[in-house]
Amino acid sequence: MNVRLLNAGLAHWRQARTLTLLTVCGVALGVASVVCIQTLNLGALAAFGGGVKAVSGEADLVVLGQGPDLAESVYPAVLAESGVAAAWPLVRAWVRVERRPATYLEILGVDVFAPVSFPVRLGGEGLARFDGLLAEPGWIALTPEFARELDLAVRDTLSVATGDRTVGLVIGALVDFRAHAPLASAKLGLMDISQAQSWFGRRGRVSQIDVKVAAGRRPADVAAALERALGPGVRVLTPDQRAQDATGLLAAFRLNLTALSLISVLVGVFLIFSAVHASLVRRRRDFGLLRSLGASRGQLLGMILLEVALLGLAGTALGLPLGFVTARQNVDAVSATLTSIYLLSEIEQLTLPPLLVAIAVAVGLGGALLGALLPALDIARRDPVALLGAAGLPERLSRLAPRFALAGLVLVAAVVAWYAGGGRRLKESGFVLAFFLMVVLPLLTPLFLRELCGRLPPGGFGWRLGLRGLASRLQSTSFAVAALAVTVAMLVGITLLIGSFRATLDTWIQDTLQADIYVTGASWDRDHGATWLSEEVVALLAGFDGVRAADRQRRISGRTTDGRALRLAAFRRTGEAGPRQLSRVPLLAGDPERVERALRDDGACVITEPLARHAGLAVGDTLRLAGADGPVPLPIAGIGYDYSTEGGLVFLGWPTLDAVYGPGGTSSLALTLARDRDVDATLDAMRAALAGRAVELRSNRRLRAEVLDIFDQTFAVTRILQAMALVIAVAGVSLTLLIMGRERATEFALYRSLGATRRQLVRLGLGEGAGLGLLGFALGLAGGAVLAAILILLINRDWFGWTIRFELPASDLAVQAAWILAGALAAAVYPALRSSRTPVAELTREDLL
Amino acid sequence: MPAPTAHATMARMQRPLLEFRDVARAFGGRTVLSGVSFRLDRGESLSMVGRSGSGKSTLLHLAAGIDLPTRGEVVLDGTPLSPLSDRNRSLLRRRCVGLVFQFFHLLPHLSVADNVCLPGWVAGDPPRATRERARELLAQVALSDRAGDPAGKLSGGEMQRVALCRALLRRPPLVLADEPTGNLDEAAGRQVMDLLRQLTRDADAGLLFVTHSREQAALAGTVLRLRDGRLEAVA
């Protein structure tokens, strides 16, 4: 490649500043979307993986129970296994920091007498700083970072809540656990195991036993031997296998966000195509000259692609930090989703690993080159005479419009046939359909524009003349409208999904949450069912003045025999309504009365829809739970709607749950008041009676609001992606109008020569911007409706397993339409002003007939 | 378009339609026109000849109010152009001037009739009257049967006839033509020139055209030559 030629090419981009800026922005925003999502995805996985590493970093194997914990009596049996060089039990407890409602601390109870070092390194001072660990009640080591956040120092008291109890811990030392596991949470505390068992109600139980395998033994062999020796009540995993649990758990969540971020890249590619095409058309005579002077097609192609690659790199350099900053700004929302929906650790640190930088460069460069390839090939394949003459792409695109549309329709038919003919068995089939929808929309755009706008009678110097102008410049307008249509389809599709999902959820909440007051312990949603409300509190509330009925719920984490993680819940009612197993779980399949009886008398269960879909289970089938003492087959009596967890939930009779996992307490309590009772007044009275207890009391109204808040938070990142795609599409509108203004300079000069004022030309330009916006919206609306159907009926069911009822969120869509049109209009202001200043001297050009 | 009163008509008849008073135009340090003075009345025709770069197109731009002189004054229909805002010059041009270009400048995505209607649309004239006037003009240039065709399907001579119709749509008192036959063969050029003269004569409009052809220039009542930016009469 001749450097002087390349410099000459880059000089053009330096002069065409707006074009360059928009190209770089197209790449930057696409890269930013991908970087933002992948940073959050990696952060989510690392948060879990980092936690595992911090706790079990030196372990080769981890022994876990089938329920939330296991009996400490297993420990000697683990040590007795010949392949075990060392083993140490751990208690892990999540507690809420008092007076900090949303701050949770994971406490690690360790055995200082275990025949190995601590699972976390203590630095050079070793145990010297830990002299109070055994002797001092409530002694805990915290990270310096967390202590700073709480404004506490060594010897200060840290009040935490677990179950319904508040306990005061003493900060004995500050230890930087991240020196050992950089991605570990800063919200990690360390204390003696027996103290942890005692303080957090885990007497005789441990959360896990970490194992160091003897030299020369393969961890897999030792794991198998341990599983044989310890029986079916335990699982033995490597730390990597545990981390993979999170990978599997988050697969659908991550895939959805990744797919959304790729739409921004696709829209960016359209923008780059438009910019490169405009640039090349402007320079076609230069290229003609080069070709006539002996430059080969390959040299021309190489030069153009190299120029674009440099712009792509510039866009990547901008997009990388932009994406990372966006990720940082949204980390709280994603963390909230991880903790509330997936019960995983929150993300505290985000990193930009070299692999992600490489992905960003690949996306930026690849997107730029992909966008530039067609126009570059088009220029390179022309002979010098054609290049030195007028450009021919406009006429060609207009002529090819029906063929593009036909190709789109054939593609639709082929993909639908593939889906109907067996493709639907593939879990990713919904994404395949959505992808092809996004490809088909641009293929339909030229004909849509040509037929809709090209046939409009102009009838005056107004919007219709502007729309006719759009149809006459298909080579520019098609790409802007297509990019906007793809974006609008995404916006509308996701808005319909979210609106429908929210309405469905709202209905489900109304059906499910019918009690007046809900009571939980402080950390019940974090500790996987290992802590519960004390019987004293339950009895006090169940017998409280005005309480008509109390539904206890026990909820714990468990697994099926094939390793599927799920949650299990059982209800028990006391009060005037009499015993009742199921507390208003709306059933998708199964007769409510029979289900009630089967749960009570036959030890049956009700599974939720996501579990039924993911595991392919139906009423009459058997669910095989991995119980504390081995596999437990449970007949499935019904399938219920549930939107609280993607992983699946199983409702059992209380005695059945006790039999499978051992007895346990009440995780939460739903209280129904007598009709004449005021909820708020009763809540106040209960709070007064429970003063000093770490009990969360929520009214029905507040709980519903919190659930919907969590729902809205879950889609916060989605909205950022939507906004990014919209910005790219609006930039595309602006770019198109600028290109059109340049290409139509003679036309505008003609209008000026005929007496058109600048204001008239500005109005014409704004009308064209609005026209582009409207056309993109119209096409995108149709695409969005189809995309919504794919998202709701296919992707959601295949990946999440929920039934979502279609709802039309009319006001949300109206607001979006207003934003899109306002965006298109705003994007048209600068090009319109610029076009209005076209001098009549441009009439010396020969662009018109 | 309201009918002018008798008094206003008389006043208009007495003043020149277009007057250049010692006009000069320079671009940067380069003087293109210098000391140009002439006048053109209604019903008169004036041709301008000169070599390439002699300032002919600049003179036409000044006459149309598209450009302003560096010195001197251009007066169109009694109105000095220099003090006017861009908007008012546009409005004056809309009312008083019809322009014909060497490269026709028809919009390819519009029909023949729509191209003719364009000045009426820009001015906001009633659509039906505009359409009627376009039809009338197309009949005069024998293009009635092509009114609905896309402009791109016409021959060069036909396109220039359409451009003539467009220039005369709003009955401007002044028609400015920049080498109207420069892009046509001899026969088509002659036909267009005849039509241009006939249509402007019928409309009692003044005609100022620029040409390279001595033969066509001689068809005008007055022939002026531009040489190095200065005007000289041709015998």
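Values computed for the structure shown
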{"quantity": "Single residue of the stretch A:456-483 satisfying the filter (within 13 Å of chain B (Cβ to nearest Cβ) and hydrophobic (A, V, I, L, M, F, W, C)) that is surrounded by the fewest Cβ atoms within 10 Å (Cβ to Cβ)", "calculated": "A:L456"}
{"quantity": "Enumeration of residues in the stretch B:87-134 that are closer than 19 Å to B:L164 by Cβ, more than 7 Å from every other protein chain (Cβ to nearest Cβ) and assigned to a loop (DSSP other than H, G, I, E, B)", "calculated": "B:Q102, B:D125"}
{"quantity": "Failed item in (1) surrounded by fewer than 22 Cβ atoms within 10 Å (Cβ to Cβ); (2) at pLDDT below 80; (3) of a type outside the set (A, V, I, L, M); (4) farther than 18 Å from A:E307 by Cβ, with A:E72 passing the rest", "calculated": "(2)"}
{"quantity": "Boolean, B:L60 is closer than 23 Å to B:L195 by Cα and modelled with pLDDT under 90", "calculated": "yes"}
{"quantity": "Qualifying positions in the stretch A:433-456 - modelled with pLDDT of 90 or more and under 13 Å from A:Q475 (Cα atoms)", "calculated": "A:L443, A:T445, A:P446, A:L447"}
{"quantity": "Condition met for A:F777 (away from chain B (no Cβ under 14 Å), at pLDDT 85 or above and at negative phi)", "calculated": "yes"}
{"quantity": "Residue pairs meeting the criteria (Cβ under 6 Å; at least 6 apart or on separate chains; first at pLDDT 55 or above, in the stretch B:1-28; second among the basic types (K, R))", "calculated": "B:P16/B:R39; B:L17/B:R42; B:E19/B:R39; B:A24/B:R71"}
{"quantity": "Complete set of residues in the stretch A:713-768 that are among the hydrophobic types (A, V, I, L, M, F, W, C), without any contact (Cβ under 8 Å) to a residue 12 or more places away in the chain and either facing chain B (nearest Cβ under 10 Å) or at positive phi (or both)", "calculated": "A:L754"}
{"quantity": "Residue match in the stretch A:234-256 (condition: crowded, with 18+ Cβ neighbours inside 10 Å, over 30 Å from A:P631 (Cβ atoms) and modelled with pLDDT under 70)", "calculated": "yes"}
{"quantity": "Some residue of the stretch A:484-503 being within 14 Å of chain B (Cβ to nearest Cβ), of a type in the set (F, W, Y) and either more than 30 Å from A:P586 (Cα to Cα) or buried (at least 18 other Cβ atoms within 10 Å of the Cβ) (or both)", "calculated": "no"}
{"quantity": "Checking B:S37 against (1) modelled with pLDDT of 90 or more; (2) closer than 21 Å to B:H212 by Cβ, the condition it does not meet", "calculated": "(2)"}
{"quantity": "Selection from the stretch A:618-646 of residues that are among the hydrophobic types (A, V, I, L, M, F, W, C), farther than 26 Å from A:L513 by Cβ and outside any strand (DSSP E or B)", "calculated": "A:A618, A:A628"}
{"quantity": "Matching entry among B:R166, B:R197, B:R227 (being among the basic types (K, R) and farther than 15 Å from B:G98 by Cα)", "calculated": "B:R227"}
{"quantity": "Test set (1) over 27 Å from A:A336 (Cβ atoms); (2) outside any helix (DSSP H, G or I); (3) in contact (Cβ under 8 Å) with a residue 24 or more places away in the chain - A:L697 fails condition number", "calculated": "(1)"}
{"quantity": "Condition check for A:A688: in a helix (DSSP H, G or I) and under 25 Å from A:V95 (Cβ atoms)", "calculated": "yes"}
{"quantity": "Boolean, B:V97 is in contact with a strand residue (DSSP E or B) (Cβ under 7 Å, 6 or more places away or on another chain), of a type in the set (V, I, T) and either modelled with pLDDT of 90 or more or under 28 Å from A:R473 (Cα atoms) (or both)", "calculated": "yes"}
{"quantity": "Within the stretch A:78-111, tally of residues that are farther than 30 Å from A:L226 by Cα and among the aliphatic types (A, V, I, L, M)", "calculated": "4"}
{"quantity": "Residue, modelled with the highest pLDDT, within the stretch A:823-849, restricted to residues that are among the aliphatic types (A, V, I, L, M) and more than 15 Å from A:L737 (Cα to Cα)", "calculated": "A:V840"}
{"quantity": "Unmet requirement for B:T70, which otherwise passes all of (1) touching a strand residue (DSSP E or B) at 6+ places or on another chain (Cβ under 7 Å); (2) facing chain A (nearest Cβ under 9 Å)", "calculated": "(2)"}
{"quantity": "First in the stretch B:52-65 and more than 9 Å from every other protein chain (Cβ to nearest Cβ), second anywhere and at pLDDT below 85 and assigned to a loop (DSSP other than H, G, I, E, B), Cβ under 6 Å, 6 or more apart", "calculated": "B:G55/B:G229"}
{"quantity": "Filter result for A:A413 (farther than 30 Å from A:I720 by Cβ and away from chain B (no Cβ under 14 Å))", "calculated": "yes"}
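The values are calculated or read from the model by the stated rules, or taken from the named source; none is laboratory data. Please read all numbers here as calculations on a predicted model, not as lab measurements. So basically every Cβ, Gly included, is an ideal-geometry build from the backbone, and we count neighbours across all protein chains shown.
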